[in-house]
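Written out below as structure tokens is the structure these notes cover.
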Amino acid sequence: MTGPRLSVVVPCYNEEGCLTELHRRLGDAAAATVGDAYEIVLVNDGSRDATWDLMRALAAQDSHVVAIDLSRNHGHQLALTAGLDLCSGDVILIIDADLQDPPELLGAMLAEMEAQNADVVYAVRRKRAGETAFKRSTAALFYRGLSWLTDIEIPVDTGDFRLMSRRALDALLALPEQARFVRGMVAWIGFRQVPILYDRAERLAGETKYPLRKMVRFALDAVTGFSTVPLRIASYMGIGLAAASVLLLAYTAYGWLAGKAIEGWTSLMLVVVVLGAVQMFVLGMIGEYLGRLYLESKRRPLYIISQVAGRAGGRRAHGHVATQADTIATSDTPGGIGTRPTA
Ligand code: UDP
Ligand code: MG
């Protein structure tokens, strides 16, 4: 049985509790759909636990596994980008390490891709088990706010769990930006993209790697990366305040004429406080864009790879690979998707 060559890309941060089970289930799902022609690209995003040791062991024992070790924690989206850069399949599956997204959906996704002649099959969460009400409500708010703010249609309730064709991935990798909101960028590239529904499971082990701080940053990257509406808010507020100031002017003139000019401490305070808050808010927003502009202008590599175990193909378009990064384990074959030894 030969199907398309498949790459599965998994960003991992402190996932020692999930890796073994992930490898088993992914391997089974891949073997069941494409036979031997697959690779599993595991990216270690500067974990502090045994994640890298486990990855190396997996790469040594299974030639389907490519393990990439980043030099530090670069964040989910950049770790993902590193894996996407280095993978070499014709179809690419993006999945989280914690098995919240079932690898077994792969077969259905591939079938959907062929049936619909699609370039992207994205998985939409029907249910989210084992996540806090806070996480679910902020996520719901985020996806809806985002679709209101942006012109492109970023699918609601969709993570990075998706299947992509090689030409869609190449289009994605052609985007150079530093602040990467991958699911939005995939929506931006276009082609035929179709949804598939699934139930999100609980995390297999460990806890979420997205504390509130990272969630806020992620949301700001999404908004600033895909919309300039917040910048326009400054103009809208300016227009609103200008209109209000005409009324206030009339009121002030009336007060002066009526001899009540000394009163009005409350309204004065109100105006000072509101104006101050609006100005700070707008300044902050401009700062968010300016800061990103500054970071983009440095043109730094998006990630740094310190070592690779297993056979990695791919183009490494966005990163820096440390010299001798490839010296670990089996790298005598120059790259490409491994086949399981028949012994
Ligand atoms: N992750 C990563 N680097 C980070 C944070 C997260 O590579 O700095 C990975 C993590 O290991 C997982 C995926 O990104 O595979 C999604 O993270 P998580 O499951 O914690 O997010 P949640 O599902 O809670 O939104
Ligand atoms: Mg998760």
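No value in this document is a laboratory result; all are computed from the given coordinates. Quick caveat: nothing in here was measured; it's all calculated off a predicted structure. Please note: Cβ atoms are built from the backbone with ideal geometry, for glycine as well, and neighbour counts cover all protein chains shown.
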Volume per residue that the Cα convex hull of segment 91-212 spans, once the total is divided by residue count, Å³: 114
Stokes-Einstein diffusion coefficient of segment 113-166, Kirkwood radius over Cα pairs, 37 °C, 0.692 mPa s, in µm²/s: 256
Difference of contour (0.36 nm per residue) and Cα-Cα distance, ALA111 to VAL216: 34.2 nm
Point-to-point label distance, THR20-TYR251, nm (Cα→Cβ direction, 7 Å offset): 7.0
Cα-based Rg / Dmax (Å) for segment 39-95: 11.1, 33
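Which FRET efficiency value, to the nearest 0.05, is calculated for LEU268 and GLU177 with the Förster distance at 51 angstrom and r the Cβ-Cβ distance? Before the final figure, lay out the partial values.
On the way: r = 45 Å, r/R0 = 0.89.
So, using R0 = 51 Å, E works out to roughly 0.65.
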At R0 = 25 Å, FRET efficiency that the Cβ-Cβ distance of ILE233 and GLU296 yields, to 0.05: 0.70
FRET efficiency, ALA243 to THR132 (Cβ-Cβ, R0 45 Å, nearest 0.05): 0.60
Over 12 Å [Cα-Cα, segment 4-66], rounded percent: 65
Longest to shortest principal axis, alpha-carbon extents of segment 216-270, angstrom: 54, 20, 6
Distance between segment 214-293 and segment 176-210 - C-alpha centres, whole angstrom: 35
At 0.890 mPa s and 25 °C, Stokes D of segment 11-128 from Kirkwood alpha-carbon radius, µm² per second: 165
Mean projected area in nm² (Cα convex hull; one quarter of hull surface) for the chain: 20.9
